[in-house]
Every structure is written in C-alpha cells, then in structure tokens.
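*Asks:* Please read through the structure below; I'll follow up with questions.
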C-alpha cells in the first residue's frame, strides 16, 4: 500500500529532531491508514481474541464457584478473560504490522523511502508509533465490548486508561522486536512464522487460565514467562483497586522489553543500511 | 475405444482412464508433494501436539475438577480430530496451488470423470489424516493417557478423526472449486475452527452455560467428540457411538455433495 | 456434415451481467481444415484465449455451437478431450515434479498403460530435447524448457487436433524457433493445429490460414498472402517535424491513400512501391519539409490488422522484438488470466 508523501516539509534534510518528528508523524499516519484499509488482515486480531474470551467465559464459568478464584483472581471468568483477549489482540496485530514493514522491503517501497530525504529512524519509528495507535484503538474497542457484555473494571477510568497505555506499550515492545526481525530478514514469511511462537508463549502463561490451577513443569514455565506477569498486570487493573504493582507489571515490564527491542530494531536498520 | 464420426479411420484418443488408476496416481502425487515440501505439512503435525500439551496444561484443572482422571484423556481425542482435519485440508492448498500454476486446467482437460477429481483428493486426505492422529495418540500415551475402552477407544478416535478429516477436505474442495484462490483456505480453516470449538471441546455440556451450551447441544461435533472420547473416559458403547457415527455420515454426505457440485461448475 | 476438425458457428461468451457484462467473444465463426495450421491473431483481450478455452471444453459458450474432431464441445466434452492436445498460455505444469513424472502422470490421466506411458514419455522427452533434464524438478527449468515440456504433455495421447495458446510468449528467439520447428514437424505428421498468437511473424511463418480477432469478433480471415494482397500497395512511412505534420500530410495525400502507421510517423500507400518514393520525397523537399526518417514497408499482417481495425496490433513487431514486448504483454496476460479464472 502506498500513500504519497506530499508534505513539502519532507523536502528538508532528515537530520534535525524536528524533521524526525515530522517524518515519523507522516509515516505513522501511513502505517495506521494501511492497517485500517486491510480489514481482512486486521479482523483476525479482533475476532479470535474475543471468541476465545467468550468461549472461556462460557466454558470455565464454574471456576467462579471456587472461593480462591473470586477472592484473589477475578469476580467472574469474563472479567478474567479480558486481559488475555487484550494481550492476544495486541500481540497478533503487532506481528501483522511488522509483516507490513517486511512487505515494504519485499516490494521495494522501503528502498523508495531510503532514497527520499527523510530521517532513516523515522521509517522504523513511524511503524512502531502506528502500531501503538492501532493498539490503543483496539484495546479501547475490546474494553467497550467487554463492558457491554457485563464485565466491570474495578479500578475505574484510571484502570481503563492504564490498560490502554499498557496495550500501547506492549504493542511497542512486540512490534519493535518484529520490526527488527523484518528488517533483518526482509521477509514477511519469516515475520509471520513468529506467530506460532507467540501463540505457544501465550498458552504457556496465565493469559487464558490462572497459574494457580496449573501444576508441574507447566506451572514452572508459566511462572517464569514474562507474558504471565504482563497479563496479570492487566488483570490487576480490571479486578483490583489501583496499585503500583499493576503499573509495574503492565507498563514497566513491556517498556523494558520495548527498550531492548527498539535497540534491536534500530541496530538491524543500521546494519541493513551499512550493507546496502 | 471409439471412433470420431468425422475421422472413422482414426481412433480418437484412448479408452477413458481407469478411475482407480487415476486416483492412485493423484494420491501418489499428493504424497510426493508432502515429501518435497514438508514445510507445508509439518504445522498440521506439530500444532495438534502443541495444543494437546497447552490445553491439558493450561485448562487441565477445568476437566479434572469434574472427575476426569487425566486431562489428556479429555484432550487427546479433540486434538487428534483437529490434527486430522488440518492435515486433510492441506490437500486443498495443493489444489489452490494447481489453480494458480495452471496445472488444474491440465487435469480438467483430461478425459477423466469429474467425480474422480473429488475422490482423489479425499483419498489423499485419508493418508494425510492418519499421521497427525497417530502422532497425537503416541504423545498422549507418553503423557500417561488412559484407555479404559481398550482397542475400541483407538478405533473410535480413528473413525472420528478420519471422518472429520474427510468432511473438512470435502468442504475445502467445494469452497476451492468455487472461490479458486487462497480465500478458500482461510474460510475453510475458520469454518473448521469454529465448528470444533463451539462444541464440547473444552468442557462437557454439563459444565457449560448460556449461549455456548445451546450451540454445543445442536453442534454435530459434540456427538463426534462423544464418539471419540468415550473409550478414553470409560467403555465404548453403542449409545455413545451412534450419534457420532450418524453425524459423520451426514456431514460427509453434505460435504461431498458440496464438493461435487463445485467441480460440476467447471462444466457449466 | 463438414469434415473439418474444428468448426465453430456463432460462438459467444459473455462474462458478468447487466451493466457489467463483458463480451469477450461476440459471434465467432471459424473452420479449421484437416491438416492445416490455423493462426488466430489478435491483441491482448481480443478473445483468442477465451475462444480456445471454449473449443477445448474448459469454458461453456454463452451461445453458438462448436465441434472439435467431430464432437460437440458441450454435449460430448469427454470425447473432445480424448481427441485434443492443449498447451495453454501458462505452461500448465507442477514445479515440484520432474519432467518424467509429469509425463507419467499425464499418461495415466489419458488411460495409457504403465509401459506404454513410459515408452511414450521417453519418446517425447527425446523429441523435445529434455531427456537430460527429465529427472530434474520443473522449477529448475527455463521458460523455454517449460514450454517444450508443456507441448510434450499435450502430445502424450497422440491427439489429432492440437491447440497452442500463445506458445512462444516470453521465449527467447532461439527457443521460439525451436518451437516453430516442432509445430511444423507435428503438422507434417498430420496433426491439425490451431495456434493463437500476438506475434505477426509467427502467424506469417507458421499459419496456412489466419483469422484476425478484435474485440471478440473475427475481422479478417484467409491465407496470409491473400490478406496482405487485399491491403494493397506498400506503405511509405516518414517522420517530419511536429510543426510540419499537417503540411506533410496534405502532400502525401496527393500520392495515395493515407494510412495508419506507428506513432510519430505519417504513412501513405504507394501504388508503384519503390518507384514512387523519389517523387514523394522531392515533393516534400520542394515544400521545404525536412524528412527525418523514411521506411518503405511491404504490407504486413499488421497492415491488414490496422486496415481492419483502425489501429496497430499492440506490442506488434517481429518475433525478434517479442522479448522486449513480452514483459508488458505478460503483465496484461496475467491480469486476463486472473480475471478469467475468477469469472469461470
């Protein structure tokens, strides 16, 4: 998908901070529009998480009869399932966003951007920012659907906002990582092949079922899996009063991953530019 | 042999190709494609095993709390059916590929009966089903799965898995003949996915609530899962079997009709 | 009853309906005689491939009738398929298989016994020069090799009628010549060939008779020699300055009929050919017009086409320029094939 860059400001050199922001803004806009214009690509990242949440709520509602569950985890399985759905949707959408970057490389549009007087960093930042915007939009829609279905966010509007920002940070972390992979490999197939790995990691966590009820090696893996802690941070916003631990898990953890991932992405970009 | 009314001295072509010979060679071709492009087949092998481990590990408590001894007893039949259906649907990916390369035109031009073009992929699908099913069962045994129903348990799960595999393949063929692009594959996978999960995939009907319970009660997959699971949860009985067998038979009939009407469109 | 191997009467094929209807073939009558090579010439989108697909039973006509090898293409489609060999626009081959495997598969599809199929396969591989590459996967074959294999596949069951749909599109000149030789050899052996092409030289070199199709209708039909003679005299093409075009045109009109030529040039038919060239140039010179370029062309099939349709055949040229044009042509063909697949 091509959106012509017609902003005359882009004719200026890409070296200043101002131009970095300007270029990133334009490319963010392109990224967001590109996602929204491909409903067939974006739909699965909405449909499947919501479906799994609905399925889980209807299948595992009896868990709410366990006093431990209602006291320590969530008031209902629907309330529990929200966080997993948000996580799943954001992660899958982020992989698709990175695949778009890989397609740009495959189809030569990436080279076109490199040949234009725009900031190199903005090529990556635009994608990441676009991914964050879509994630915030996605999380907001998810929460509204769940609230409409009867779920309640115990920490109120701040918790709602906490989830939206947490989703954006998670998206930043995942799309930066996948963007690095896209730039390194130049192949959308390679990026898409990360999907099963993410799928595996999500199952080996408390995204779909509480860790408390797992056992053996599975429980051990889930305990150590960072996704468990991120999703529990999200669950905290939904099922508990506002608390620092929720921000630590839902914000700081993805942010830490994001910093490493962004470094990886920018390093991949500079290696690619050096190679060409 | 027959002669052209215009050129009586020339025998036109040869006798019509023997259907079984054509089916055999097309099945061989399908297997050859698996050998030469294993990356297309491996996901249908790995994903069911992964899901078996994931479901039994993550959701195990939900079924063991209902009195089921081992979560694997509950999930092995489900994942065997999933593996079989996705393995079988892979045959339609080959068909889509043939349409894109133009090779499908060559098959259409051959003087073979149209039903052979449905029967051959279905025969290939049987072979493609068996491998994932066997894989899942082996992993189940290694994980300590129980089979109080004995050999009949394995027979029931095999019948269920292969039956649903054939249904999935026929459905995929019908869609592919109509849509003729990768959209058919996506739609097929969606269809199978929702059919399987909107049944007793995760918990028994007694543990469900609301809309899911209503849907699962009328979903034929619920009967098929009952047929497949009974030998892993207890004895194999006629009461536990006939519903699944009937569901498989009806679904097979409908999906084969769908596939046949799809291939006939090429003559219209 | 006519004894022609291919006979079509009023063939029509529409796609879509209502306001969106596309008349791909709009009433085609043709007759291909026993033992001839019949060329079907036209630009992309003219209806050539659609006509071939109807004659080979891959597409049902909207209306009209056709018989191939004496069998109705709709009522006796199965018998038609047994009698014909087809090599379509796309080399219809499986890239994962080897050449030998594909021939063996084709042999089974056409009912040959295992031994007969094997022998036939070896014979055809030898004939098309693919014996050495026979056990390599087709994905490693060049474009020319794929076309040759495609031709071999269409000959497995020794058909009496052969359909070749743009068999040399995208091939280099050497591969093209090789394929032409093979077609001539087949025809010498008694096979009737219907060949579609957009290359004028190919039609000229191979075809005993040619039908020119445009917008779904046959606009001219006959032997190439006869068609060219109908156009008449040679065409003088000149190039002058842009500001001199109108004056040059009026001068040329004094010497003969003005003709459609390639963009940027003016054309006139000269009754006495080369003898009149000097007179024309002198007239232009006396008018102070500078001639930058001139060519004298004998009538070609392109002239026949231009005379019939009012425009030159798109991508027209000799087979030598086929390569240059093939990229643009292939892009259009792909679009047409995708549309056709979606429609059918």
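What follows is calculated from the coordinates using simple rules that are stated; it is not laboratory data. Just so we're clear, the structure is a prediction, and the values are computed from it rather than from any experiment. Backbone-built Cβ (ideal geometry, glycine too); neighbour counts: all protein chains shown.
*Asks:* Averaged over A:200-212, how many beta carbons belonging to a partner chain fall within 10 Å of each residue's beta carbon?
*Replies:* 3
*Asks:* Here is a further query. Return the distance in nm (one decimal) between the two label points of a simple spin-label model at residue C:230 and residue A:33, each offset 7 Å from Cα along Cα→Cβ.
*Replies:* Placing both labels 7 Å along Cα→Cβ, they lie 5.3 nm apart.
*Asks:* Per the Kirkwood definition applied to all pairs of different Cα atoms, how many angstroms is the hydrodynamic radius of chain C?
*Replies:* 21.8 Å is the Kirkwood radius here.
*Asks:* Specify the residue with the greatest mean-square fluctuation among A:49, A:67, A:117, computed from a Gaussian network of chain A linking alpha-carbon atoms under 10 Å apart.
*Replies:* Result: A:67 has the largest fluctuation of those listed.
*Asks:* Also, I was wondering about something else. For segment B:10-134, what number results from the quotient of the Cα radius of gyration and 2.2 N^0.38 Å?
*Replies:* For segment B:10-134, the normalised Cα radius of gyration is 1.42.
*Asks:* Ignore the peptide's own chain and count Cβ atoms of other chains within 10 Å of each Cβ in C:104-116; give me the average, rounded.
*Replies:* Whole-number average of other-chain Cβ neighbours for C:104-116 is 6.
*Asks:* Further, regarding this structure: Using the number of other C-beta atoms within 10 angstrom as an exposure proxy, rank B:113, A:35, C:81 with the fewest first.
*Replies:* B:113, A:35, C:81
*Asks:* With a bin width of 5 angstrom, please list the P(r) values of segment C:156-296 as percents of all Cα-Cα pairs, from the 0 bin to the one holding the largest distance.
*Replies:* Using 5 Å bins, I get a P(r) of 2, 8, 15, 15, 12, 11, 11, 10, 7, 5, 3, 1, 0, 0 for segment C:156-296.
*Asks:* Over what distance in Å are the Cα centres of segment A:185-215 and segment C:263-278 separated?
*Replies:* The two parts, judged by their Cα centres, are 75 Å apart.
*Asks:* Please compute one quarter of the surface area of the Cα convex hull for segment C:184-250 and express it in square nanometres.
*Replies:* Mean shadow area of the hull around the Cα atoms is 7.1 nm².
*Asks:* Determine, for each peptide in B:80-93, A:240-253, the mean count of other beta carbons within 10 angstrom over its residues, then list the peptides with the highest first.
*Replies:* Top to bottom by mean Cβ count within 10 Å: B:80-93, A:240-253.
*Asks:* Where in segment A:156-196 does the label zone of residue A:244 land, with the point 7 angstrom along Cα→C-beta and an amide N cut-off under 19 Å?
*Replies:* Answer for this model: A:159, A:162.
*Asks:* Next question, about the same structure. Would you mind putting B:98-109, A:80-91, C:150-161 in packing order, based on average other-beta-carbon counts within 10 Å, highest first?
*Replies:* Result, highest mean Cβ count within 10 Å first: A:80-91, C:150-161, B:98-109.
*Asks:* If you don't mind, there's one more thing I want to ask. For chain A, what does the relative contact order come out to in percent, with C-alpha contacts under 8 Å and a separation of six or more?
*Replies:* 24 percent
*Asks:* Sorting C:303, C:165, C:72 on the 10 Å Cβ count, fewest up front, what's the list?
*Replies:* So the residues, fewest neighbours to most, are C:72, C:165, C:303.
*Asks:* Determine, for each peptide in C:65-71, C:201-207, B:23-29, the mean count of other beta carbons within 10 angstrom over its residues, then list the peptides with the highest first.
*Replies:* C:65-71, C:201-207, B:23-29
*Asks:* While we're here: What's the angle, to the nearest 10 degrees (0 to 90), between helix C:322-343's Cα axis and the longest principal axis of chain C?
*Replies:* In chain C, helix C:322-343 runs at an angle near 60 degrees to the longest axis.
*Asks:* With only alpha-carbon atoms counted, please give the Rg and Dmax of the protein assembly as shown, in Å.
*Replies:* Over the protein assembly as shown's Cα set, Rg and Dmax evaluate to 33.8, 110 Å.
*Asks:* For the residue pair residue C:290 and residue A:114, what label-to-label distance in nm results when each label sits 7 Å from Cα along the Cα-to-beta-carbon direction?
*Replies:* Taking the simple label geometry, residue C:290 and residue A:114 are separated by 4.6 nm.
*Asks:* Beyond 12 Å, what share of the Cα-Cα pairs of segment C:60-110 is found? Please give it as a whole percent.
*Replies:* Cα-Cα pairs of segment C:60-110 separated by over 12 Å account for 71 percent.
*Asks:* Another question about this same structure. Averaging over every viewing direction, what projected area does the convex hull of the Cα atoms of segment C:47-141 cover, in nm²?
*Replies:* 7.2 nm²
*Asks:* Another one. Just for the Cα atoms in segment A:120-276, what are the lengths along the principal axes, largest first, rounded to whole Å?
*Replies:* Sorted largest first, the three principal extents are 53, 38, 27 Å.
*Asks:* Give the average, rounded to an integer, of partner chain Cβ atoms located within 10 angstrom of each Cβ in C:299-306.
*Replies:* Taking all residues of C:299-306 together, the mean is 0.
*Asks:* Return the FRET efficiency for the residue pair residue B:194, residue A:193: r is the Cβ-Cβ distance, R0 is 25 Å, and the value is rounded to the nearest 0.05.
*Replies:* So the FRET efficiency works out to roughly 0.55.
*Asks:* What is the distance, in nm, between label points placed 7 Å from the Cα along the Cα-to-Cβ direction at residue C:174 and at residue C:272?
*Replies:* The two pseudo-label positions are separated by 4.8 nm.
*Asks:* Just want to confirm a number: the relative contact order over segment C:159-282, from Cα pairs under 8 angstrom separated by 6+ residues, in percent.
*Replies:* Relative contact order for segment C:159-282 comes out at 17 percent.
*Asks:* Related question: Quick one: go through segment B:57-77 and flag any residue whose amide nitrogen is under 16 Å from the point 7 Å out along the Cα-to-Cβ line of residue A:217.
*Replies:* Zone members listed by number: B:57-58, B:72.
*Asks:* Expressed as a rounded percentage, what relative contact order does segment C:6-228 have, with Cα pairs under 8 Å and six or more residues apart?
*Replies:* Computed over segment C:6-228, the figure is 29 percent.
*Asks:* Going 7 Å from the Cα of residue C:283 toward and past its Cβ, which residues in segment C:228-269 have a backbone nitrogen under 14 Å from where you end up?
*Replies:* Under 14 Å, as judged by backbone N against the label point of residue C:283, lie C:236-238, C:247-259, C:267-269 of segment C:228-269.
*Asks:* Using every Cα-Cα pair within chain B, state what percent have a distance larger than 27 Å.
*Replies:* So the portion of pairs separated by more than 27 Å is 41 percent.
*Asks:* I need B:118, A:257 ordered by Cβ neighbour count within 10 Å, fewest first.
*Replies:* Lowest to highest Cβ neighbour count: A:257, B:118.
*Asks:* Beyond 16 Å, what share of the Cα-Cα pairs of segment C:233-298 is found? Please give it as a whole percent.
*Replies:* 34 percent
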